[in-house]
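Reviewing the structure listed below.
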Amino acid sequence: MALGSPRVIGCACWFSLAPRPIYLPMSFDLTDDEKAALIELLRDTIERSQFVLSPRIKLLRGILEKLAPEPPRPEAYPAPKPSRNPRR
């Protein structure tokens, strides 16, 4: 089996006549430098794409989200309430 190729076991669906393989998740042992290079490549590819809604770019965004999730945005403060005494 090639390095990085998914392992296939059994059948994923009992209701179909044709067996479908079950793909087990792959694990990658990337160094920090390799991971950073991959993240940079994905960001550059997504940024330079002309077709931002294409299935390919959506797939790349999903991969990028798994490798480098964006930190949660802080909640915005509520708008101030108007004062009862208007300024003169």
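The values are calculated or read from the model by the stated rules, or taken from the named source; none is laboratory data. From a predicted model like this one, the values you see are computed outputs, not experimental measurements. Ideal geometry is used to build each Cβ from the backbone, glycine not excepted, and the neighbour counts take in all protein chains shown.
Looking at region 38-60, which of its residues are of a type outside the set (A, V, I, L, M, F, W, C), more than 18 Å from F28 (Cα to Cα) and surrounded by 10 or more Cβ atoms within 10 Å (Cβ to Cβ)?
Applying the first criterion (of a type outside the set (A, V, I, L, M, F, W, C)) to region 38-60 yields 40, 43-45, 47-50, 54-56, 58.
If we keep only those that are more than 18 Å from F28 (Cα to Cα) as well, we get 43-45, 47-50, 54-56, 58.
Correct list: R43, D44, T45, S49, S54, R56, K58.
In region 44-69, the residues that are without any contact (Cβ under 8 Å) to a residue 40 or more places away in the chain reach residues that are assigned to a loop (DSSP other than H, G, I, E, B) and of a type in the set (V, I, T) with C-beta atoms within less than 8 angstrom, at least six apart or across chains, in these pairs: I46/V52.
Counting the residues of region 63-88 that are closer than 30 Å to D33 by Cβ and either touching a Phe, Trp or Tyr at 6+ places or on another chain (Cβ under 6 Å) or loosely packed, with under 10 Cβ neighbours inside 10 Å (or both) gives 6. Would you point out the residue of region 31-58, among those that are of a type in the set (A, V, I, L, M) and not in a helix (DSSP H, G or I), that is modelled with the highest pLDDT? Looking at the filtered set, the residue picked out is L53.
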